[in-house]
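Got a structure here, written out as structure tokens. Questions coming.
The values are calculated or read from the model by the stated rules, or taken from the named source; none is laboratory data. Keep in mind it's a predicted model, so treat the numbers as computed, not measured. Note that each Cβ is placed from the backbone with ideal geometry, even for glycine, and that neighbours are counted across all protein chains shown.
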Amino acid sequence: MTIKNICCLGAGYVGGPTMSVIALKCPEIKVTVVDLNEARIAAWNDENLENLPIYEPGLDKVVEKARGRNLFFSTDVDTAIAEADMIFIAVNTPTKTYGEGKGMAADLKFVELSARQIARVAKSDKIIVEKSTLPVRTAETLQTILDHTGNGVHFEVLSNPEFLAEGTAMDDLFNADRVLIGGNETPEGQKAIAALVEVYAHWLKPSQILTTNVWSSELSKLTANAFLAQRISSINAMSALCEATEANVNEVAHAIGTDSRIGPKFLKASVGFGGSCFQKDILNLVYLCRYFNLPEVADYWEQVIKLNDYQKYRFAKKIITTLFNTVNGKKIAFLGWAFKKDTNDTRESAAIYVAEHLIEDGAEIHIYDPQVSEAKIISDMQYLWSLKGLNENKIEQKLKQLVVYNSYEKAVKNAHAIAILTEWDEFLGYPWGKIYIEMLKPAFVFDGRNLLDLDKLNKIGFKSYTIGK
């Protein structure tokens, strides 16, 4: 089966970049990305490529080449579904905030709604591709919904999890370590797998495209993220011990990273990991282990999350204790709000939770991030506090302790301390001598990303601190 028309449900951080690259590399395939969010689709169609809803280096150039040729963004979901041979589901699958599995299980309501809409609209056979991160055996759920509510057409469900890192997503797509495709071990399932392999084969080598059964594919995504997050929590755990013993976590990480069995990647100590995947996927893994009566396995993976939460709390506590055991009424400048550099994604960003701890102690948080808007920062804090049960009046009171700027100069002026929460490269080039003059004395810098040269800062006059030293 040769694919001529692809539809993707969801125009977010996965669907947008992935479909843009497929469209660029497969000019003979029409690719339509659909979303019910009209503002998001309007941003994808904006002539000014700086207004794309996602900041991802290199994405604008790909969209510019493919958009209008064979790449389209639309809110007309039904038409796109009806025309497609292959439909990618790339909708949000957040952690449940209600009911059974609250705080751990994946909320699959958007996936189920997508399946029901496909079943209602489709009049011809379709290949359905799970692109969202999903629990093991979700494909079975999708197949059941499609088979029992469809119009007598045949649906074949594949698992094709994304392994993109925000900030390097375009390179991850063009030069993938691997593309994983899971499907049924039936003649129809193998034909569907072959059709998707043919799409990726436009630019990837056969050795980069792995095929498995559908269950292995689904579980591989959760496992990959769990292993990566585990490495971060492991080095962060050692960073606390390094601070207590006057060891240097960077030296420890380098020493163990030279061991070929361990390797150097994901051994950079920091204030903690964030993003849409690591915490959500591990919590999902924990929930699945408890569901299948594997409490020891669940406890093991849950500890990765606990350590990450501890690291954020530890960083906030360090600021409070260093500033003479109180930050009440003090101006703390945050440089960075995104969960990592080269993205405007703030989901589960360490900055959110460090800000919460400091605001609870009375601090005034003054924020600058080169890519994150004031509206997004305020929304992040409102969401966190609403989850914790605060009413609107209390949230409004707390928001008075938070100020967002469009320049770093305003954020740091007259600040008692600066906290680096995102490793943006531009922070390295700031005139730190001038910044020191503008701050209250003693002037403190807390580098949560091990980004800056502390010796230089100390020579200027700062009292500076970082993770694991």
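In region 289-319, which residue that is under 25 Å from Phe462 (Cα atoms) and of a type in the set (A, V, I, L, M, F, W, C) is surrounded by the most Cβ atoms within 10 Å (Cβ to Cβ)?
Taking the candidates together, the pick is Ala316.
Just name the residue that is surrounded by the fewest Cβ atoms within 10 Å (Cβ to Cβ) out of those in region 29-82 that are free of Cβ contacts under 8 Å to residues at least 40 places away in the same chain and among the β-branched types (Val, Ile, Thr).
Thr79
If you don't mind, another one. Quick check: anything in region 193-206 without any contact (Cβ under 8 Å) to a residue 12 or more places away in the chain and either surrounded by 14 or more Cβ atoms within 10 Å (Cβ to Cβ) or on the phi > 0 side of the Ramachandran plot (or both)?
Within region 193-206, one or more residues are without any contact (Cβ under 8 Å) to a residue 12 or more places away in the chain and either surrounded by 14 or more Cβ atoms within 10 Å (Cβ to Cβ) or on the phi > 0 side of the Ramachandran plot (or both).
Yes/no per residue for (1) farther than 21 Å from Glu156 by Cβ; (2) modelled with pLDDT under 95; (3) part of a loop (DSSP other than H, G, I, E, B):
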position: Ser20; (1), (2), (3): yes, no, no
position: Leu24; (1), (2), (3): yes, no, no
position: Thr32; (1), (2), (3): no, no, no
position: Arg40; (1), (2), (3): yes, no, no
position: Val62; (1), (2), (3): yes, no, no
position: Ile81; (1), (2), (3): no, no, no
position: Tyr98; (1), (2), (3): yes, yes, yes
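Answer yes or no as to whether Glu356 is part of a helix (DSSP H, G or I), of a type outside the set (A, V, I, L, M, F, W, C) and out of contact with any Ser or Thr (no Cβ under 6 Å at 6 or more places or on another chain).
yes
Of the conditions (1) out of contact with any strand residue (DSSP E or B) (no Cβ under 7 Å at 6 or more places or on another chain); (2) crowded, with 17+ Cβ neighbours inside 10 Å, Leu241 satisfies every one except a single condition; which number is it?
(2)
May I pose another question? Name every residue in region 320-351 that is in contact with a strand residue (DSSP E or B) (Cβ under 8 Å, 6 or more places away or on another chain) and surrounded by fewer than 24 Cβ atoms within 10 Å (Cβ to Cβ), in order of residue number.
Thr322, Leu323, Gly329, Lys330, Lys331
Shifting gears a bit: From the residues in region 83-96 that are at pLDDT 95 or above and part of a strand (DSSP E or B), which one is nearest to Lys280 (Cα to Cα)?
For region 83-96, the residue satisfying everything is Ile89.
So which of Leu387, Leu307, Leu335 ends up being over 30 Å from Pro17 (Cβ atoms) and under 20 Å from the mean Cα position of the chain (by Cα)?
Checking each option against the conditions leaves just Leu307.
Let me ask another. Just to be sure before I move on: is Gly182 farther than 22 Å from Glu140 by Cα, surrounded by 14 or more Cβ atoms within 10 Å (Cβ to Cβ) and in contact with a Pro (Cβ under 9 Å, 6 or more places away or on another chain) in the structure I sent?
For Gly182, the condition - farther than 22 Å from Glu140 by Cα, surrounded by 14 or more Cβ atoms within 10 Å (Cβ to Cβ) and in contact with a Pro (Cβ under 9 Å, 6 or more places away or on another chain) - is not met.
While we're here: Right, Ala253: part of a helix (DSSP H, G or I) and among the hydrophobic types (A, V, I, L, M, F, W, C) or not?
Yes, satisfied.
What is the residue count in region 66-79 for residues that are under 26 Å from the mean Cα position of the chain (by Cα) and either more than 15 Å from Val34 (Cα to Cα) or not in a loop (DSSP other than H, G, I, E, B) (or both)?
Selection size over region 66-79: 7.
In addition: State all residues of region 289-320 that are out of contact with any Asp or Glu (no Cβ under 7 Å at 6 or more places or on another chain), modelled with pLDDT of 95 or more and either among the hydrophobic types (A, V, I, L, M, F, W, C) or closer than 18 Å to Ala415 by Cβ (or both); if no residue qualifies, say none.
Leu294, Val297, Ala298, Trp301, Val304, Ile305, Leu307, Phe315, Ala316, Lys318, Ile319, listed by residue number.
Only one residue in Leu440, Leu421, Leu428, Leu454 is aliphatic (A, V, I, L, M), over 13 Å from Ala333 (Cβ atoms) and either over 25 Å from the mean Cα position of the chain (by Cα) or surrounded by 15 or more Cβ atoms within 10 Å (Cβ to Cβ) (or both), so which one is that?
Only one candidate qualifies: Leu454.
Restricting to region 125-166, give me the number of residues that are buried (at least 20 other Cβ atoms within 10 Å of the Cβ) and either among the charged types (D, E, K, R) or under 24 Å from the mean Cα position of the chain (by Cα) (or both).
Going through region 125-166 one residue at a time, the tally reaches 19.
Applying the selection to region 235-250, what residues are part of a helix (DSSP H, G or I) and touching a residue at least 12 places away in the same chain (Cβ under 8 Å)?
Ile235, Asn236, Ala237, Met238, Ser239, Ala240, Cys242, Glu243, Val249, Asn250 - these are the residues of region 235-250 that are part of a helix (DSSP H, G or I) and touching a residue at least 12 places away in the same chain (Cβ under 8 Å).
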